[in-house]
């Protein structure tokens, strides 16, 4: 596969095809979606503005209420047709809008999971009138029941103690015991604090560990991933690391430049020959060994 960073010239994809590689577009997906062929995408990873008034150097997150939901429905209507029949979509959102977004998507796609991302926010006081919110919602949807999903690259290995506890004859030869267990639908992965080695200058950067899990499980090797709100380029990095094609859109020039740099650094290392199913979230223990 020929990797390239596409600087989005005006004639990109004009012939209805997409060059193979890593494409980082500095433009708005909503205005450019027509240039992306329908049925050409294996996986959409979408981390859009949440409608909470975050500062992304523009007014992209200043909508709220019905205006935010209408905008969300609009870009989803543009994105969904890009998926192949075996394709799927992950969308990050906040609990304030997750019910409406999920109902909208369930009318168009098959819902596979609601994933809760526990950001591991430390206890530091906070509100006294309700429970402190420390999670993001992730909706996982598929075009059909024949969606692509590969569990093996994301299995979480059992530790030696757990494997020993399951050493009875009943468990001999069990694939799940040797390769690891299926990740649950609560992902306890620390947010990227300011001192984190992975952190770049983006206010809502997602951990690579989370995005890699999505890419490895839901896009075949050599397949194509779309990110309509690329931000700092974490999904592009995951694709470059694991031999997936990528096309992403970002309207903020500074974030687009960060994504270019991160992909260039990743390409200098090369594509990983084997996927890595890292898991900082779940600790494999004896009481978790019942999952097949």
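The values are calculated or read from the model by the stated rules, or taken from the named source; none is laboratory data. Only a predicted model underlies this, so the values are computations on that prediction, with no experimental measurement involved. FYI the Cβ positions are ideal-geometry reconstructions off the backbone, even for glycines, and counts take in every protein chain you see.
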Worksheet item: Would you call residue 245 touching a strand residue (DSSP E or B) at 6+ places or on another chain (Cβ under 9 Å) and within 20 Å of residue 271 (Cβ to Cβ)?
Response: yes
Fill in: Yes/no for residue 218 being surrounded by 14 or more Cβ atoms within 10 Å (Cβ to Cβ) and within 28 Å of residue 257 (Cα to Cα)
yes
Worksheet item: So is residue 282 closer than 25 Å to residue 93 by Cβ, at pLDDT 85 or above and either surrounded by fewer than 19 Cβ atoms within 10 Å (Cβ to Cβ) or in contact with a strand residue (DSSP E or B) (Cβ under 9 Å, 6 or more places away or on another chain) (or both) or not?
Response: no
Fill in: Candidate set: the range 79-95, residues that are over 23 Å from residue 34 (Cα atoms) and surrounded by fewer than 16 Cβ atoms within 10 Å (Cβ to Cβ); chosen: the one nearest to the chain's Cα centre (by Cα)
94
Worksheet item: Here are some residues: 87, 126, 74, 51. Which one is closer than 20 Å to residue 227 by Cβ and part of a loop (DSSP other than H, G, I, E, B)?
Response: 51
Item to complete: State the number of residues belonging to the range 177-204 that are buried (at least 17 other Cβ atoms within 10 Å of the Cβ) and within 27 Å of residue 143 (Cα to Cα).
Response: 3
Worksheet, complete the sentence: In the set 12, 3, 17, the lone residue that is modelled with pLDDT under 60, in a loop (DSSP other than H, G, I, E, B), touching a strand residue (DSSP E or B) at 6+ places or on another chain (Cβ under 6 Å) and farther than 24 Å from residue 72 by Cα is 3
Worksheet item: So residue 239 clears everything in (1) within 30 Å of residue 37 (Cα to Cα); (2) over 17 Å from the mean Cα position of the chain (by Cα); (3) outside any loop (DSSP other than H, G, I, E, B) except one condition, right? Which one?
Response: (2)
Worksheet item: Is it true that residue 147 is in contact (Cβ under 8 Å) with a residue 24 or more places away in the chain, assigned to a loop (DSSP other than H, G, I, E, B), crowded, with 19+ Cβ neighbours inside 10 Å and in contact with a strand residue (DSSP E or B) (Cβ under 8 Å, 6 or more places away or on another chain)?
Response: yes
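Results for (1) closer than 16 Å to residue 46 by Cβ; (2) more than 16 Å from the chain's Cα centre (by Cα); (3) assigned to a loop (DSSP other than H, G, I, E, B), shown as yes or no for each residue.
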position	(1), (2), (3)
192	no, no, yes
197	no, yes, yes
200	no, yes, yes
206	yes, no, yes
225	yes, no, no
Worksheet item: Do you know which of the residues in the range 258-274 that are exposed (fewer than 11 other Cβ atoms within 10 Å of the Cβ) and in a helix (DSSP H, G or I) is modelled with the highest pLDDT?
Response: 268
Fill in: Residue list for the range 31-48, restricted to those being buried (at least 16 other Cβ atoms within 10 Å of the Cβ) and outside any strand (DSSP E or B)
32, 33, 35, 36, 40, 47, 48
Item to complete: Looking only at the range 110-118, decide whether some residue is surrounded by 15 or more Cβ atoms within 10 Å (Cβ to Cβ), without any contact (Cβ under 8 Å) to a residue 40 or more places away in the chain and not in a strand (DSSP E or B).
Response: no
